[in-house]
Each structure stands twice: as C-alpha cells, then as structure tokens.
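A quick write-up on the structure given underneath.
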Amino acid sequence: MNELIQDFTNNISYCKHVIGCNEEQTNELIQAADELGVSAEYFCEEFIVAPEGEECMKYQDGEFLDIDSFNTYHGIYFEYEVD
C-alpha cells in the first residue's frame, strides 16, 4: 500500500513540478498513464510529441531507451536498399 501511495505522489510531483501541469492536466495525464499501466514520467518520456518547430529529441532521455542497443542485443538488423 505504501508503494502505491509513493508512486501516486511521484506522479503528481512529476506532473506539477517537472512538466508544469495544472490540476486538471495532472488528473488527465495520471489517468491516461494509469490506463496503460505505466507511470506518468514513462508515459511522457516515451510518447511525447514536440511542439511545432521544435526538435523532439531534446525531450528524450538518451539513456531511457536506445533502440540501436536494443536491436543489437536482440540480433535485429535492418538492411536499407539504395536506389
């Protein structure tokens, strides 16, 4: 039970203090993340869409998910055709 309360507190803190959500936005974000079974931080870090004209990679934590490392670890390689 304490872990559940701590997770909820962390989600609220992330929404309000890190990304600057108001109360309504915080509730919506936590509900959406909860429906997917993930934390609010994970939801935002993985599914964030950059505003028009901004580079989305500045929002990504480089160590959070490195798709090239994942593919190498699992032996997944792509070959690109050159025209």
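Summary of values
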| quantity | calculated |
| --- | --- |
| Hits in the stretch 14-48 (condition: crowded, with 18+ Cβ neighbours inside 10 Å and within 19 Å of residue 4 (Cα to Cα)) | 14, 15, 26, 29, 30, 33, 40, 41, 43 |
| Pair list, Cβ under 7 Å, 6 or more apart: the stretch 1-28 residue within 10 Å of residue 40 (Cα to Cα), other residue acidic (Asp, Glu) and at pLDDT below 90 | 14/41 |
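The values are calculated or read from the model by the stated rules, or taken from the named source; none is laboratory data. All figures in this text were calculated on a predicted structure; none of them were measured in a lab. Neighbour counts are summed over all protein chains in view; Cβ atoms, including those assigned to glycine, are modelled from backbone coordinates with ideal geometry.
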